[in-house]
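Novice: Sending over a structure as structure tokens; questions will come in a sec.
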Amino acid sequence: MKENLFKKFLSFSYGSWIGLIIGFVNTMISTRILSPEDFGKASMFTLAVNVSMIFIIFGTDQSFVRFFYEEKEEKRGGLLYNSLKIPMLLAVILSLIILIFHERLSIFLFEENNPKIIFILVLGIVTQALYRFAVLVIRMQKKGHLYSLLEILNRTIQLILLVLIYFIIGSSYEIIIYSTVLTIFVLSLFAIMHEKNYWNYRNISIKGLKHSKLEILNYAYPLVLTTLITWLFDSFDKIALRQWSNFQELGLYAAAFRIVALLNVVQAAFTTFWTPVVYEHYEKNPKDTSLYERVSKVVAFAMFMIAIFSIMFKDIIIMFLGSKFENATNIMPFLVFMPLMYTISETTVIGINLYKKPGWHILIAIVSCGVNILGNWLLVPKYGAIGAALSTGFSYIVFFSMRTFISLKYYYVNYGLFKIYILVLLVFIYGFYVINYHSMLWNMLLGFVLMLVTVGLYFKDLKFMYKIYLQQNRKEVSFK
């Protein structure tokens, strides 16, 4: 009998939870050996890699995911090959452009001419592109344990390299960049070698594929604009701080962002597990919405509890970063809306994806991005990093709302939206309170009350799903 969904999720997620702990140690060490300014410069490198990835991937990764189960198993290597052709060509073109304009780009990113880091940037872009597809191959085969191993290795190798490079070159933003790129390079080789049947050109046949390169492009290209706008939506806070503030504020924001980004491992683990499950379930039983309803409510409950917990203990968490970063404590409360709303929206956006309406993602991205740009323009010059966090948090609520209501037009599922919006309002108020009134006791007390409210709102749903889980286990035991 097939593993139940909970066990599948565990196989994909335990590496993320272990990686979260290792990642926190990594952040704690980084903030104690680097200044906020160095953190700000390292975040600009990440920004450059992310925007480059949008142009070279060209949405073909999403085509690969969407068409994976529509191809026969022996043809999926051909689908990978066709999906990779454009990214590799664009990677060469973009690398040449970066090298030609290396001095201007270096000064813009780091306020200094650093040719070594520009070369590492090119290597990082190409490696990241290969790693994206290498992980997708593992993910779409639902090899959860291997995916978790990659997560653990990612955090562990990066931590080891960070410390080693620090002892070699000293305290510099370069140590984060070197350790990150080298880690992805090693993991790419490992993932490709493990799934060599997909990557070995001699084993690949593109004859008889259901989806041609043209179909891959047709599905992918609308997503490029969407991804670009989404990147701008996700990154304009850092651009705004670079433009209207300074590296000090950017560094504080990057440190707080890095702590909150550890919650993204939960988001990434869930999305990695959830996407293939949605497509496979829909192919088998398109009218059954009970799975989507149950999973959405469990995810909403879990993410709200994690968000509240993060705000409750923000002062303790920030203490581990060192005294240089203590001002980051007021930035965290609104940044939690980023993983919170995005993860829940991954369960409520399925109507758009199942009905192959990628054009809607463009509108959603444009509106959410516009809200974020306006918010940063109004708030960053006066409030700095706190203003950027507030704008980011609110724009993610808009992002979730549009994804959900447009999805419901095509495929109705009872997601329990009233509960979600009640809790969004309460958590937002809670965030405002804790940044204005610095009482750890009251912060803890209010957080505990909010957790009880969350449990009360989802109690019946959790009880019902627990019964289903017990029934599944009884069936598995009987079968054995």
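The values are calculated or read from the model by the stated rules, or taken from the named source; none is laboratory data. Model, not experiment: these values are computed from the prediction. Ideal geometry is used to build each Cβ from the backbone, glycine not excepted, and the neighbour counts take in all protein chains shown. Only protein heavy atoms, including side chains, enter the accessible area calculation; ligands, DNA and RNA are left aside. Shrake-Rupley method; radii C 1.70, N 1.55, O 1.52, S 1.80 Å.
Novice: Among the numbered conditions (1) surrounded by fewer than 21 Cβ atoms within 10 Å (Cβ to Cβ); (2) modelled with pLDDT of 80 or more, tell me where N4 comes up short.
Specialist: (2)
Novice: Name the single residue that is modelled with the lowest pLDDT among those in the stretch 244-280 being touching a Gly at 6+ places or on another chain (Cβ under 6 Å) and open to solvent by 30 Å² or more (accessible area, probe 1.4 Å).
Specialist: S245
Novice: Here's another thing I want to ask about it. Residue under question is F68, and the condition is that it be in a helix (DSSP H, G or I), hydrophobic (A, V, I, L, M, F, W, C) and touching a Lys or Arg at 6+ places or on another chain (Cβ under 7 Å); does it hold?
Specialist: yes
Novice: On to the next question. List every residue pair whose Cβ atoms sit under 7 Å apart, with the two residues 6 or more apart in sequence or on different chains, where the first one lies in the stretch 398-420 and is more than 22 Å from L462 (Cα to Cα) and the second, anywhere, is of a type in the set (F, W, Y) and open to solvent by 50 Å² or more (accessible area, probe 1.4 Å).
Specialist: As it stands, the answer is I406/W360; Y410/Y355; Y411/Y355, since those pairs meet every condition given.
Novice: What's the number of the only condition in (1) under 22 Å from I175 (Cβ atoms); (2) in contact (Cβ under 8 Å) with a residue 24 or more places away in the chain; (3) among the acidic types (D, E) that D61 fails to meet?
Specialist: Failing condition for D61: (1).
Novice: So which of R139, R132 ends up being of a type in the set (K, R) and open to solvent by less than 60 Å² (accessible area, probe 1.4 Å)?
Specialist: R139
Novice: Then there's this: If S235 passes every condition in (1) closer than 23 Å to L90 by Cβ; (2) surrounded by fewer than 20 Cβ atoms within 10 Å (Cβ to Cβ); (3) at pLDDT 85 or above but one, which one does it miss?
Specialist: (3)
Novice: Take the residues in the stretch 74-102 that are at pLDDT below 90 and more than 28 Å from the chain's Cα centre (by Cα); name whichever of them is farthest from W199 (Cα to Cα).
Specialist: So, considering only residues that are at pLDDT below 90 and more than 28 Å from the chain's Cα centre (by Cα), the one farthest from W199 (Cα to Cα) is H102.
Novice: Sticking with this one: Test L99 against the stated conditions and say whether it is in a helix (DSSP H, G or I), in contact with a Gly (Cβ under 8 Å, 6 or more places away or on another chain) and open to solvent by 50 Å² or more (accessible area, probe 1.4 Å).
Specialist: For L99, the condition - in a helix (DSSP H, G or I), in contact with a Gly (Cβ under 8 Å, 6 or more places away or on another chain) and open to solvent by 50 Å² or more (accessible area, probe 1.4 Å) - is not met.
Novice: Shifting gears a bit: Report every pair of residues separated by at least 6 positions or lying on different chains whose Cβ atoms are under 6 Å apart, first residue within the stretch 163-178 and without any contact (Cβ under 8 Å) to a residue 40 or more places away in the chain and at negative phi, second buried (at least 18 other Cβ atoms within 10 Å of the Cβ) and assigned to a helix (DSSP H, G or I).
Specialist: Close Cβ pairs satisfying both conditions: I165/I175; I165/Y178; I165/S179.
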